[in-house]
Amino acid sequence: ELGAIRKSESLVRYYYQLRPEESGPLRLSYSPSASINYHARLLVNLPLWQDINLVAITEYTWLDSGITDSPMIDKDGYLSGFIGLSYRF
């Protein structure tokens, strides 16, 4: 899957902007803006038994500059994953 997720300016501001008391003497100028993060996801669904499947998901997300410009963020993307079982009833 290839996709994109839009994050509003208020959400980016809430999670990625330092409050004045957190920034200390370094008054970094960061102006949050709405962001679109793109991702690529690979999902594997492997049948093990009649109603039980092994599920594995790997996803890489590229962060928009509205987030990466924050002094809290030092990377422009991240890799995440999941391995588990699913049961169909």
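The values are calculated or read from the model by the stated rules, or taken from the named source; none is laboratory data. Keep in mind that this is a model prediction, so the values were computed, not measured. Cβ coordinates were reconstructed from backbone atoms using ideal geometry, including for glycine residues, and neighbour counts include every protein chain displayed. To get the accessible areas, we keep the full protein, side chains included, count just its heavy atoms, and leave off ligands, DNA and RNA. Shrake-Rupley method; radii C 1.70, N 1.55, O 1.52, S 1.80 Å.
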I want to confirm something. Restricting to the range 1-20 and keeping residues that are surrounded by fewer than 11 Cβ atoms within 10 Å (Cβ to Cβ) and under 12 Å from Gly66 (Cα atoms), which single residue is modelled with the lowest pLDDT? Ser10
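Going by what's in this entry, would Ser23 be described as of a type in the set (S, T, N, Q), surrounded by 13 or more Cβ atoms within 10 Å (Cβ to Cβ) and touching a helix residue (DSSP H, G or I) at 6+ places or on another chain (Cβ under 6 Å)?
It is false that Ser23 is of a type in the set (S, T, N, Q), surrounded by 13 or more Cβ atoms within 10 Å (Cβ to Cβ) and touching a helix residue (DSSP H, G or I) at 6+ places or on another chain (Cβ under 6 Å).
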Cβ-Cβ under 9 Å pairs, at least 6 apart or on other chains, the range 41-68 side more than 30 Å from Gln17 (Cβ to Cβ), far side open to solvent by less than 90 Å² (accessible area, probe 1.4 Å) and part of a loop (DSSP other than H, G, I, E, B): Leu54/Leu48
Could you check Asp74 against (1) acidic (Asp, Glu); (2) open to solvent by 100 Å² or more (accessible area, probe 1.4 Å); (3) outside any loop (DSSP other than H, G, I, E, B) and say which number it fails? (3)
If you check every pair at least six apart or on different chains, which have Cβ atoms under 7 Å apart with a residue in the range 6-21 that is under 19 Å from Tyr38 (Cα atoms) first and a residue that is polar (S, T, N, Q) and surrounded by 12 or more Cβ atoms within 10 Å (Cβ to Cβ) second? Lys7/Ser35; Lys7/Asn37; Glu9/Ser33; Val12/Ser33; Val12/Ser35; Tyr16/Ser70
Those residues that are open to solvent by 50 Å² or more (accessible area, probe 1.4 Å) and either touching a residue at least 40 places away in the same chain (Cβ under 8 Å) or touching a Leu at 6+ places or on another chain (Cβ under 7 Å) (or both), I need them from the range 27-40; list them, please. Leu28
